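K.L.:
Mind looking over this structure? Questions follow.
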Amino acid sequence: MPELPEVETTCRGISPHILEQTIVKVIIRAPKLRWPIPKKISKLLPGKQPISIERRAKYILLHFDIGTLIIHLGMSGRLQTLFTHTAPGKHDHVDIVFANGCCLRYTDPRRFGCMLWTEEPALEHDLLRKLGPEPFSKEFSAKYLFEIGCKRKVPIKNFIMDSKVVVGVGNIYASEALFAAKINPVTPTNEVTKDQFTILIKHIKAILRKSIKQGGTTLKDFLDNSGKPGYFSQQLQVYGRDGEPCNICGTAIESVTLGQRNTFFCPSCQPQ
DNA sequence: ACTTCGACCTGTTGGC
DNA sequence: TGCCAACAGGTCGAAG
């Protein structure tokens with residue numbers, strides 16, 4: 001489900017309902033997600049208020065004065081804000097109940113996500129420390145990409161999906177950005193020119209921004225905190241369009257497996 | 001240091 | 001209709 005735009009959409013959606021609101025109760029139902037949810041948060045958090053919310057890569061950071069809750073939605077996770085009590089479903093693993101009546105509910109059928117607690121500065125947590133730059137940062141430049149990319153032979157698609165290179169470019173947007181930049185996804189990274197990197201970066205930023213504006217991409221089941229789908233899927237040019245005509249030239253979109261992930265491209269607009 | 005690949009889970013889909 | 005394999009938006013960590 002969630003790539004960066006979906007996570008950003010979620011952060012923006014939950015923030016007004018939970019910031020500076022006092023937690024009454026934390027109910028943990030899942031035995032474990034990717035890692036066990038620390039039980040102590042149900043003792044630590046009641047009486048406390050999230051003072052800020054931050055997104056780093058696809059992690060959602062809920063900051064308290066005593067520490068930070070680190071949340072990842074994995075492949076199928078979702079955070080909802082409920083205002084009337086609803087009986088928890090099979091995959092509703094955590095409820096954080098606030099004094100204002102809001103219940104922040106964490107749902108994740110595949111349990112690839114995580115919910116962790118740290119009392120250290122969150123950005124120094126093992127999971128976050130070695131991440132690459134944010135895609136919207138100044139640091140994410142053609143010069144930067146070219147300098148590290150010229151030593152790498154992996155296909156360019158794998159390269160831009162590597163979170164040590166840049167965070168937040170997932171499987172959908174990697175295909176979309178490469179299509180927009182007219183670069184074939186299997187091109188070895190060290191064969192991508194600096195000019196191409198300049199174009200690619202521009203499109204990565206633009207596509208992510210545009211998708212955030214549309215509330216993310218709903219392929220099957222992404223819903224934001226209030227239950228609304230994202231609308232960016234209507235703008236996908238290649239992802240999931242195997243065999244359909246390219247919107248630019250009419251050639252049939254093809255797919256190839258890269259890094260065990262399905263990859264879509266137009267063989268004519270993105271020649272090798 | 002770079003790259004590949006298995007692993008973690010459940011639900012849905014499509015072929016036979 | 002039913003069964004089963006393949007696949008799904010992520011990413012860690014072991015092994016080559």
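Readers should treat all values here as calculations from the given coordinates under stated rules, not as data from a laboratory. Predicted model only: the values in this text are computed from it and were never measured. Glycine gets a Cβ as well: all are built from the backbone with ideal geometry, and neighbour counts include every protein chain shown.
K.L.:
Hey, for a label at A:GLN272 modelled as a point 7 Å past Cα toward Cβ, could you say which residues of region A:135-170 have their backbone N under 17 Å away?
P.N.:
Answer for region A:135-170: A:153-158.
K.L.:
Shifting gears a bit: Sort region A:206-256 into rounded, prolate or oblate with this rule: let a ≥ b ≥ c be the square roots of the eigenvalues of the Cα gyration tensor; rounded if a/c is under 1.5, and if a/c is not under 1.5, prolate when a/b is larger than b/c, oblate otherwise.
P.N.:
prolate
K.L.:
Continuing with the same structure: For the pair A:LEU123 and A:ARG29, what calculated FRET efficiency results from E = 1/(1 + (r/R0)^6), where r is the Cβ-Cβ distance and R0 = 30 Å, to the nearest 0.05?
P.N.:
Computed FRET efficiency for A:ARG29 and A:LEU123 comes out at 0.55.
K.L.:
Quick check: residue separation of A:LYS39 and A:MET75 times 0.36 nm, minus the Cα distance between them. What number comes out in nm?
P.N.:
In short, 10.7 nm is gained.
K.L.:
Ignoring everything except DSSP H segments at least 4 long, calculate the 222 nm mean residue ellipticity for chain A; use -39,500 (n - 2.57) per segment, divide by total residues, nearest 500.
P.N.:
For chain A, the value works out to -7000 deg cm²/dmol.
K.L.:
Name the residues of region A:198-233 whose amide N is less than 14 Å from a point 7 angstrom out from the Cα of A:ASN262 along the C-beta direction?
P.N.:
So the set is A:219-221.
K.L.:
Among the lysines, which fall within straight-line cross-link reach of A:LYS43, defined as a Cα-Cα distance under 21 Å, with same-chain neighbours fewer than 8 residues apart omitted?
P.N.:
Answer for A:LYS43, where 21 Å is the Cα cut-off: A:LYS25, A:LYS32, listed by chain and number.
K.L.:
List, in the order given, every pair from A:LYS151/A:LYS228; A:LYS40/A:LYS90; A:LYS39/A:LYS130; A:LYS153/A:LYS213 whose Cα-Cα distance in the structure shown is over 31 Å.
P.N.:
A:LYS151/A:LYS228; A:LYS153/A:LYS213
K.L.:
Would you calculate the volume per residue, in Å³, of the smallest convex hull containing every Cα atom of chain A?
P.N.:
With only Cα atoms used, chain A gives 125 Å³ per residue.
K.L.:
So, one more: What is the helix-to-structure angle for A:4-18, meaning the angle in degrees between its Cα long axis and the longest Cα principal axis of chain A, kept from 0 to 90 and rounded to the nearest 10?
P.N.:
The answer is roughly 20 degrees.
K.L.:
Next up: With a ≥ b ≥ c taken as the square roots of the eigenvalues of the C-alpha gyration tensor of region A:1-105, please select rounded if a/c is under 1.5 and otherwise prolate if a/b is larger than b/c or oblate if it is not?
P.N.:
Numbers: a/c = 1.25, a/b = 1.11, b/c = 1.13.
The shape class here is rounded.
K.L.:
I'd like the FRET efficiency for A:HIS63 and A:ASN100, computed as 1/(1 + (r/R0)^6) with the beta carbon distance as r and R0 of 22 Å, rounded to 0.05.
P.N.:
0.75
K.L.:
Measuring from label point to label point, each 7 Å out along Cα→Cβ, what is the A:LYS130 to A:ARG110 span in nm?
P.N.:
Once both label points are built, they end up 2.3 nm from each other.
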